[in-house]
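Structure, as structure tokens:
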Amino acid sequence: MTHAGALVAKGLTKHYGGVKALGDVSFVLAPGQTLGVIGPNGAGKSTLLSLLSGGARPTSGTVTWDGRRIDDLPSYKVARLGIGRARQIPRPFRRLTVRQNLEVAANSAVAAREDRAPLVTRTLDECGLLARAATPTGELGLLDLKRLEVARALALDPRVILLDEVAGGLMGPEVSAIADLIGSIRQRGISIVIVEHVQGVIGRHADHAIVLDWGRVIAEGSPREVAADPKVVEVYFGAATAMQPKAADPALRTAPLVLEVDRVTAGYGGLTALSDVSITLRQGEVVGIIGANGAGKTTLCRVIAGLVPSKSGAVSLLGEDVTALAPHRRARRGLAICHEGRRLFTGLSVEENLDLGAALSGGSREEIKRRRGEIYGMFPVLAERANKSAGAMSGGQQQMLAIGRALMAAPKVLLLDELSLGLAPLVIETIYQALDHIRSLGVSIVLVEQNTHRCLSVADRVYVLERGHVSYGGLPEGLMKQDVLRQAYFGETA
């Protein structure tokens, strides 16, 4: 069947070595329609856009546009056919002006030089960049860089545009400005595929949405329908079966502060990932940090650890201002982090990885041996594999090792970033059971977690991050009674 003017994906599958990044994805995007693509980190969203734009070849399956197969074409030929792509991280020619960047793109769309100027001027005006046409792109702020990225795709005079998280890193009115720009593109009848963590943008503009998880479509329908789908809710919030928020412990309300983040703003280059964020952690507490992808959770961990500098605000550890201290100096003062992705020395043994965790703690050989025994008691599988390479272990075993390595530093405050990401349910249960034992060692915990219900079952207090801001801070039971979660993850209330 031929779909005139439609972009059609049929059975798209992509392998990278032994990893299946995308599996059997199909859809039909009719002319003038907008398709929203959502899903957690690693779901395959950007891989899908790469296959649609010619940036990668599918392992199997096809992409056709207006009846012509295009999955075997290089990206520049796909662009010349009328399919533009705006990337999550803008990639302009920084030594050129804004107008010159668009002229480069228009060169592929319009053969005659005299016809390019009207296209470029119209695009500059539509994207709110006309007043900055002569500005070198290196002088632009993040919002204008995002506008320019979209403008470069529009300067191809496309019939289809692929938007990859173009609202990512923007705040408040900036998100509204990008959403308005997407609306103007829709009004021109251009077909759109939009990948976005800011789900309010999807809800406002998408005619249809698909949800990816581990490379497969788990739900599709209108944005409101997929947001209510039980499978989607479980992907974003975790399974709610038998999980109840932890009851409040009155004794913790007056326990000493061990960590304080006070009105911190931070980011990367021109991107603001955290804005005026404040959190506290008291001795003996587990404080949960939850929120949608791109909300700023990992950035918060990295700011606390000193791996990302704050632009303003302060971080205090055990009563000492450590804002200006390097990461290793914070570690020596009692802070440890278990990173998302584990970051083990895979060529070293389990025991060698553990011993490296104690390098900054100053403990004696006997003390280090005692700590190692404590870790082995908590995770017996590590003792069984003490002399085995860390790289030869399963993902769950590696996560146990990463936690153990952090604990070898004898911290007072432990940051756990995405504790359960990618792990099997039985492994998650084993690791969560260990949290009470970790607290018994005198360790207070900041728990960043994508499994929301699991986090709420152990957290004494919880903060919800939404686009770099704290939208809720308080007891887990209070959060369950509000629409904060749906707003933070899907941009809507129930």
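Every number in this text was worked out from the coordinates using simple rules, so none of it is lab data. Note that the structure is predicted; figures quoted are calculated from it, not measured. Cβ sites come from the backbone with ideal geometry, for glycine too, and all protein chains shown count toward neighbours.
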In debye to the nearest 20, the charge dipole size for region 121-209, taken about the Cα centre with +1 at each Lys and Arg Cβ and -1 at each Asp and Glu Cβ, equals 220 debye
Length-normalised contact order of region 228-323, Cα under 8 Å, at least 6 apart, in percent, tallies to 30 percent
Per the helix-only model, the chain has a calculated mean residue ellipticity at 222 nm (DSSP H runs of ≥4, -39500 (n - 2.57) each, divided over all residues, rounded to the nearest 500) of -10500 deg cm²/dmol
Full extension between Ser349 and Lys77 adds, at 0.36 nm per residue less the Cα distance, a length in nm of 93.1 nm
A convex hull over the alpha carbons of the chain yields, per residue, a volume in Å³ of 152 Å³
With the dipole of the chain defined by +1 on each Lys or Arg Cβ and -1 on each Asp or Glu Cβ, the option from Val315, Phe345, His469 whose Cα lies farthest towards the positive pole is Phe345
Going through Lys311/Lys388; Lys146/Lys246; Lys45/Lys77 one by one, the pairs whose alpha carbons sit over 31 Å apart turn out to be Lys311/Lys388; Lys146/Lys246
For 360-373, 11-24, 201-214, 89-102, ranked highest to lowest by mean beta-carbon neighbours within 10 Å, the order is 201-214, 89-102, 11-24, 360-373
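How much length, in nm to one decimal, is gained on full extension between Ala30 and Lys10, taken as 0.36 nm per residue of separation minus their Cα-Cα distance?
Additional length available on full extension: 5.8 nm.
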Shape descriptors of region 119-213 over alpha-carbon atoms, Rg and Dmax in angstrom, are 13.2, 43
With label points set 7 Å from each Cα along the Cα-to-Cβ direction at Ser316 and Arg365, the distance between them in nm comes to 4.2 nm
Stretched fully, the stretch from Leu426 through Ala134 gains (0.36 nm per residue minus C-alpha distance, one decimal, in nm) 99.3 nm
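As an exercise, use a Förster radius of 30 Å and the Cβ-Cβ distance of Glu374 and Arg216 to find the FRET efficiency, rounded to the nearest 0.05.
Taking R0 as 30 Å, the efficiency between Glu374 and Arg216 is 0.15.
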With a Förster distance of 41 angstrom and the Cβ-Cβ distance between Leu441 and Gln100, calculated FRET efficiency to the nearest 0.05 equals 0.10
Taking a straight Cα-to-Cα line shorter than 13 Å from Lys14, and setting aside same-chain aspartates and glutamates fewer than 8 residues away, one finds Asp24, Asp71
Computed from the beta carbon distance with a Förster radius of 51 Å, FRET efficiency for Thr280 and Ala392 to the nearest 0.05 stands at 0.80
Cα extents of region 7-237 per principal axis, largest first, Å, are 50, 39, 32
In the chain the DSSP beta bridges are antiparallel at a rate, in percent to nearest 5, of 55 percent
Toy charge model, Lys and Arg Cβ at +1, Asp and Glu Cβ at -1: the chain dipole around Cα centroid in debye, rounded to 20, equals 1060 debye
Taking only C-alpha positions in region 150-260, Rg and Dmax in angstrom work out to 19.7, 64
